[in-house]
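These notes are about the structure you will find just below.
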Amino acid sequence: MEDDKKKEIRCITEPVTLRAAEDSRTVEGYAAVFDRSSDRLDFEEVIERGAFDGVIESSDVMALLNHDIRRGLLARSQNGKGTLTLTVDAKGLRYSFEAPKFAAGDELVENVRRGDVKESSFAFTVEKDTWEKKSDGTWKRTIHKIGRLYDVSPVYAAAYSQTSVYMRGKELAEEAIRKAEGEMPDSYYENLKSKYNI
């Protein structure tokens, strides 16, 4: 699928937890947090409040261990219903599910209890974003709208997709600045827009 080529992955350091009961298998965490700069990227990225509006209701979202479907499906939300509960609150995108009683579920529960799984990650596409060059020369990306949500994943280590997809908006913004400063001819900018079908 064309959308799959645009898939990005981000990780946050919010803790993955189990419910307080000693024998609990309910895994909870935040896959994304609003208005907080992402770390471990070479640019600043912020997800705006409202970016997930309508996304849960129109997505088929899986809970996976380390984004790996080969390990088995932990839970699933299809159009907002299923064994994976996804909610958007003032903080961000929260997930919750009962870890299944097979290898991947047992591994996850044990490693959350031990503190070896501490981070969450999510895979997504972006429908609308903007890029701006800050006064210090670095770039800031604001994600206004998530296009598709693929999965939420408790992870052992942070995973970030380093595809060229998210750079499309940055490249366009850079060229717009060059054009405004008279460094690039109009035809170059128009060719760039055509290349990205914008």
Inset, instruction - May I ask which of Lys101/Lys145; Lys101/Lys128; Lys81/Lys140; Lys5/Lys140; Lys81/Lys133; Lys91/Lys128 have a Cα-Cα span longer than 32 Å here? - result: Lys101/Lys145; Lys101/Lys128; Lys81/Lys140; Lys81/Lys133
Legend entry - Nearby aspartates and glutamates by direct alpha-carbon distance to Lys6 (threshold 15 angstrom, same-chain neighbours under 8 apart not counted): Glu127, Asp129, Asp151
Inset, instruction - Multiply the residue gap between Asn111 and Ser24 by 0.36 nm, knock off their C-alpha separation, and tell me the result in nm, one decimal place. - result: 30.0 nm
Legend entry - Computed FRET value (nearest 0.05) for Ala157 with Asp136, which takes r as the C-beta separation and R₀ as 35 Å: 0.75
Inset, instruction - Return the FRET efficiency for the residue pair Ser58, Lys91: r is the Cβ-Cβ distance, R0 is 22 Å, and the value is rounded to the nearest 0.05. - result: 0.50
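Quick note: the coordinates plus some simple rules give every number you see, no bench work behind them. Just so it is clear, the structure is predicted and the values come from calculations on it, not from any experiment. In this analysis, Cβ positions are derived from the backbone assuming ideal geometry, glycine residues included, and neighbour counts consider all displayed protein chains.
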